[in-house]
1. Do you know which residues across the stretch A:347-398 are closer than 17 Å to residue A:192 by Cβ, of a type in the set (A, V, I, L, M, F, W, C) and assigned to a strand (DSSP E or B)?
2. Could you list all residues from the stretch A:100-130 that are more than 10 Å from RNA strand B (Cβ to nearest atom), among the aliphatic types (A, V, I, L, M) and open to solvent by 20 Å² or more (accessible area, probe 1.4 Å)?
3. Take residue A:279 and tell me if it is assigned to a strand (DSSP E or B), closer than 28 Å to residue A:362 by Cβ and more than 18 Å from the chain's Cα centre (by Cα).
4. Residues of the stretch A:392-406 being more than 10 Å from RNA strand B (Cβ to nearest atom) and either open to solvent by less than 10 Å² (accessible area, probe 1.4 Å) or touching a residue at least 60 places away in the same chain (Cβ under 8 Å) (or both), which ones?
5. Would a scan of the stretch A:60-82 turn up a residue that is aromatic (Phe, Trp, Tyr), outside the structural domain of residue A:123 (by TED's automatic domain parsing), farther than 15 Å from residue A:26 by Cα and assigned to a strand (DSSP E or B)?
6. May I ask you to verify whether residue A:227 is surrounded by 19 or more Cβ atoms within 10 Å (Cβ to Cβ), in contact with an Asp or Glu (Cβ under 8 Å, 6 or more places away or on another chain), part of a helix (DSSP H, G or I) and in the same structural domain as residue A:332 (by TED's automatic domain parsing)?
7. Which numbered condition trips up residue A:147, out of (1) closer than 30 Å to residue A:376 by Cα; (2) away from RNA strand B (no atom under 13 Å from the Cβ); (3) surrounded by fewer than 16 Cβ atoms within 10 Å (Cβ to Cβ)?
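The values are calculated or read from the model by the stated rules, or taken from the named source; none is laboratory data. Predicted, not measured: the structure shown is a model, and the values here were computed from it. Here the Cβ is made from the backbone with ideal geometry for all residues, glycine too, and neighbour counts use every protein chain on show. We work out accessible area using only protein heavy atoms, side chains counted, and drop any ligands, DNA or RNA first. Shrake-Rupley method; radii C 1.70, N 1.55, O 1.52, S 1.80 Å.
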Amino acid sequence: MKRVYIENLGEHVGEVAELRGWLYHKRSSGKVRFLVMRDGTGLLQGVMVKGGVSDEVFERFDALTQESSFSMTGKVKKDDRAPGGFELEVSDVNVIAIAEEYPITPKEHGIEFLADRRHLWLRSSRQHAIMRVRHRIIKAIRDFFDGRGFTLMDSPILTPAACEGTSTLFETDYFDLGKAYLTQSGQLYAEAGAMALGKVYCFGPTFRAEKSKTRRHLTEFWMVEPEVAFNDLNDDMELAEDFLEYVVQNVLKDCEKELKVLERNTALLQNVKAPLPRISYDEAVEMLRKKGINFEWGNDLGGTDETVISEQFDRPVMVHRYPAQVKAFYMKRDPQNANLALAVDVLAPEGYGEIIGGSQREDDLQALLDRIKEHNLPQEAFEWYLDLRRFGSVPHAGFGLGVERTVSWICGLEHIRETIPFPRMIYRNTP
RNA sequence: UCCGCGAUAGCUCAAUGGUAGAGCAUGCGGCUGUUAACCGCAGGGUUGUAGGUUCGAGUCCUACUCGCGGAGCCA
């Protein structure tokens, strides 16, 4: 007996196969009974006709409840009436475990109810599709950098001090050394990596203790951060647009089925190809004012500002050269205008906001010392970082991409909480 | 932290201040091609918590708890 997965059924038409999975739902019209199985790779409808199987097997149908685990054996047929396009002419059914009354029915549920049962919610087709897209995005991210000679060099999660000195961090006791903090970015460590290995990226979870309560925020999220020695801001933007093209086009190619489940209109995603439009912060401000928004030069772009700007384009847009005062201390100033930082944010279309933030880094020791002083940061905590400028400093640049916001955008979701298996938010850390 | 909205059956929601309802789910019965199947019957309620107004409160008032959305901050 051949045990097969539903996604491979096309290779087994006409054969007798065994499938193992869970009952998605069942229907009966008396002597014809339908069992819809899910096995993690797809859905398959099994059909039993009274008289076509033994009475004993026929009656096992009665015991099966939603999400009971079971196996079924039968001949694989192509049938357009069945979900998935294939059907199993069932000859045997074996119960593995009968499920208790399953709380998540095919009808609609409220978000709190589902979030409390996230461990079960993941079994539903929509969540299944999102997790598959998330996986494909992460694979594309790694393939892209690996294929360009980058080395994955992870940064620590427990850190002695704030990386950027701004956000609120999660704090924990660290033996006799006092406090440690959960990282908000691996970037500073990635810079050390770039000086050692040339092209590196780090990819791990990051943590923000800010009490952000919006559809775009998690307290724990994943970020990939490439860092490249000898790159300037322009190189950084070219890397970012090639990267986004690679990720989006690979997901479109390999996740057609999942995006269909999600009812994602992929027209705009098809447009994600380098080069992406680039505008300066100054141009962005002008754009906002033309739209009647009273925006003061020098402020950071808010959520609604980002949406208004991104609506002017049919693909992600790169906004570069922000006022230095709203950006982090390590960003290099524009030699043409010392009020500007050589920073770039990539704004996703359709109101999904900032998915990438990057910059050319300050490579001058004295300038960096001044910045640390201006931002009231403890210099001793950054001595190792300053060493990178003392020992063969070079221009370098990098960026960070928020994985969950990218998943949210590509899947076309309403809320970021569905993009990660077990979301951590300000009022939820379970299950 | 601030602003707004909400909480009624297992779930999703109804119910002019006047007897607590429906669909789904569950149980039982029926049906030889169903697609969130369909048809019939049945069980299922301290209306988030604590007070108050009233002859009478799911409904009006106050406080609290929890949730949702947004702002700020950010990926």
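1. Answer for the stretch A:347-398, where residues must be closer than 17 Å to residue A:192 by Cβ, of a type in the set (A, V, I, L, M, F, W, C) and assigned to a strand (DSSP E or B): just A:397.
2. A:120, A:122, listed by residue number.
3. Yes: the conditions hold for residue A:279.
4. A:392, A:394, A:395, A:396, A:397, A:398, listed by residue number.
5. No, the conditions are met nowhere in the stretch A:60-82.
6. Against the criterion (surrounded by 19 or more Cβ atoms within 10 Å (Cβ to Cβ), in contact with an Asp or Glu (Cβ under 8 Å, 6 or more places away or on another chain), part of a helix (DSSP H, G or I) and in the same structural domain as residue A:332 (by TED's automatic domain parsing)), residue A:227 does not qualify.
7. Residue A:147 satisfies all of (1) closer than 30 Å to residue A:376 by Cα; (2) away from RNA strand B (no atom under 13 Å from the Cβ); (3) surrounded by fewer than 16 Cβ atoms within 10 Å (Cβ to Cβ) except (1).
Residue-wise test of (1) open to solvent by less than 60 Å² (accessible area, probe 1.4 Å); (2) small (Gly, Ala, Ser).
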site	(1), (2)
A:31	no, no
A:35	yes, no
A:46	yes, yes
A:57	yes, no
A:66	yes, no
A:72	yes, no
A:85	yes, yes
A:88	yes, no
